[in-house]
Each structure stands twice: as structure tokens, then as C-alpha cells.
Amino acid sequence: MIVIAPSMPVTMRDAARTAYYTQTLTLVPSTVRLARMSIRTTLECWGLHEFVEDAVQVVSELVTNSVQHAAGQSADDPGCCRLTVQRPTHDVVAVIVSDSSPRRPVRCQPNAESENGRGMLLLDALAPGWRVIPTPSGGKAVHCELRAHS
């Protein structure tokens, strides 16, 4: 699959007002890699290099959670999630992952040997103030805002 990110408008003022990308992704394990590629490509095309690494980590966590917790019950219908990237202001990139599961992310207290359970800690570190918004269809959207480094 070829992903083409929209080109960045001419001025940064316009970019803050118009930059927007969304993609529907099938909930299978390989989707996490595609989501990371999509966010990286989109932000690089927009010239927002300083956001790329944090956004890739956030997207990886959110899409992994969707694959693990919102996937359909059969291989014939794995379900889907939607990745949305927005540029609400010149120093903020919003990353939103929505899926059909009403189940909210759960904070864990992992020990040193735990292989899982650090995702919400990662979100707290990279996108303080992230939130879960119920969707009209009964699912949820996890909304994170990444700020430019000063």
C-alpha cells in the first residue's frame, strides 16, 4: 500500500489552520508498522521533523492498544481504527486514534520484569493531558497533543 501525505501549505500560518491527515487501518499486527510509517511520512512531508520521533512512539502505542483490545473476533472481520493527525497551532501536533471499543486504556504499575504496561506512562511523558473521548458509535478516541520542544 502506498501512503501519500498531503503537501504542506506555503506558509506556517496556513499550515496551522489546514494541516490534516486521516487514515483507516485494519486491526492486524502489521498495521502498527504501517501506522508508524504513515505518521512519519506525513510529518516529514509537512516539514515537522521535530515532532516525528515522539509522534511515532505515541502512534505505535495507541495503534498497538487498538490491535490488542479492539480487534474483531474473527480473521474475516479484524475491525479497524482511524489514525488522524492534525496541526491545530504552529507548535502543536494532535494525534488521535479511534476504534470501536468502549474500553478505556488502563494505567498499570509495571515492575522491572514486566514486558507490558508502560504505554500510559509513555503517553504521560510525551503528551501530558492526553484524553479519551467517547465516540457517538460507542467506541473511543484517544487524543494526544505533542508540543514543539523549546
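Quick note: the coordinates plus some simple rules give every number you see, no bench work behind them. Everything quoted here is computed from the prediction, not taken from an experiment. With ideal geometry, Cβ positions are generated from the backbone for all residues, glycine too; neighbour counts draw on all protein chains shown.
With neighbour counts taken as other beta-carbon atoms within 10 Å, the residues Thr135, Thr42 rank, fewest first, as Thr135, Thr42. Just to verify a number: FRET efficiency for Glu53 and Thr24, C-beta to C-beta distance, R0 = 30 Å, to 0.05? Result of the calculation: an efficiency of 0.75.
Site pair Thr89 and Ala125 shows an inter-label distance of 2.5 nm when each label is modelled 7 Å from Cα along Cα→Cβ. With R₀ fixed at 25 Å, the C-beta to C-beta distance from Asp76 to Arg33 puts the FRET efficiency at about 0.65. This ranking places Val67, Val58 by how few other beta-carbon atoms lie within 10 Å of each, fewest first, which gives Val67, Val58.
Assign one of three labels to the stretch 42-93, namely rounded, prolate or oblate, based on the Cα gyration tensor with a ≥ b ≥ c the square roots of its eigenvalues; rounded applies when a/c is under 1.5, prolate when it is not and a/b is larger than b/c, and oblate otherwise. Judged from the Cα gyration tensor, the stretch 42-93 comes out prolate (a/c at least 1.5, a/b above b/c). Residues Leu43, Leu27, arranged from fewest to most other Cβ atoms within 10 angstrom of their Cβ, appear as Leu27, Leu43. Magnitude of the charge dipole for the stretch 67-108, about its Cα centre and with charges confined to Cβ atoms of Lys, Arg (+1) and Asp, Glu (-1), is about 240 debye.
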